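Rule-based calculations on the coordinates, nothing more; no lab input. All figures in this text were calculated on a predicted structure; none of them were measured in a lab. Cβ atoms come from the backbone with ideal geometry, glycine included; neighbour counts cover every protein chain shown.
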Amino acid sequence: MLFEIYEAFDIKLINFFLKQLTAPKLFDSQFIEDVNIQDGTILAPQAKFEKTWKLSNNGRFPWPDETVLRCIDGDRMFEFNITPRIRIGSVEVGKSVDISVALQAPSDHGKHVSYWKLSDGTDNQFGSKVWCDIMVKDAD
């Protein structure tokens, strides 16, 4: 009898997680294009630059007013020790938006990539991951 209780509980738990995985997403985004700073752009060490991506809201609902873009992984490309949160705000379904971030190339030479994702303001990430992919080297 105890085994049957555990088995029923396991099935309910599995069904719960399956619903979570297959439930339609409230918020979503789709990468459209790199507006500037294409992948592999060569920059001098410590060069300051602005990276801009075009994203669209391809979800079922407008993005919340608290929507921000956050750096989630990769190389540090910002001047200060605080990871920036770029305020985006609400974007209606089907609309696109250009999102810009002020960045600074690392001092060491080579390939550097930072990864970014939208968040609903409560740290729930959603949509396409975008990145900034640069090559740092001295001017010829």
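Within the stretch 99-138, count every residue that is over 19 Å from Pro45 (Cα atoms) and polar (S, T, N, Q). Don't jump to the end; show me each part of the working.
Of the residues in the stretch 99-138, the ones over 19 Å from Pro45 (Cα atoms) are 99-100, 115-130.
Going one step further and asking which of them are polar (S, T, N, Q), we end up with 100, 119, 122, 124-125, 128.
Adding up the residues that qualify gives 6.
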Residue ID - surrounded by the fewest Cβ atoms within 10 Å (Cβ to Cβ), chosen from residues in the stretch 25-83 that are more than 18 Å from Val97 (Cα to Cα), without any contact (Cβ under 8 Å) to a residue 40 or more places away in the chain and not hydrophobic (A, V, I, L, M, F, W, C) | Asn81
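Within the stretch 26-54, how many residues turn out to be assigned to a loop (DSSP other than H, G, I, E, B) and farther than 17 Å from Val130 by Cα?
To start, the set of residues in the stretch 26-54 that are assigned to a loop (DSSP other than H, G, I, E, B) comprises 26-29, 35-40, 44-47.
If we keep only those that are farther than 17 Å from Val130 by Cα too, we end up with 26, 44-47.
Residues that pass the stated criteria total 5.
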